[in-house]
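Each reported figure results from applying straightforward, stated rules to the coordinates on display, with no laboratory input. Please read all numbers here as calculations on a predicted model, not as lab measurements. Glycine also receives a Cβ, built like all others from the backbone with ideal geometry; neighbour counts cover every protein chain displayed.
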């Protein structure tokens, strides 16, 4: 046998000498338990924790924190979204309530009067001040009943 192979075998033998091959599975059980606890915590926080409520204009009074506001654009929007701000009114889709909105940021291509939108922000002095870049338009085909053929 070559002396290099014999030396390598001796080194491997001394390297593995202190590690039992059929030892207790306690470390594996502990590691799996910790991993399962972290997974459960992650699922819980993604589902139940830290969510932003989605409200309609009629549900907005009394909420002081950040919310998502959904409704239809009423009237004609005015202003510049990249300057002093775009101003428009959101109408409640299930009622008669409206709320003025001040928005700065990118405006989606589908933004138009009568379109259903969702925007994040806070109510301040009677005006909903939106988070920049949070305006989304809803796809109308997803919210209309299917036609009967």
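Quick look at the values:
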read-out: Sorted by Cβ density within 10 Å, fewest first, the residues 118, 101, 30; value: 30, 118, 101
read-out: Footprinting exposure proxy for 44, 103 (fewest neighbouring C-beta atoms within 10 Å first); value: 44, 103
read-out: Least to most buried among 104, 87, 27 (fewest other Cβ within 10 Å first); value: 27, 87, 104
read-out: Projected-area mean, the range 54-143, by convex hull of Cα positions, square nanometres; value: 5.4
read-out: Pairwise label distance in nanometres, residue 118 with residue 40, each label 7 Å out on the Cα-Cβ vector; value: 3.0
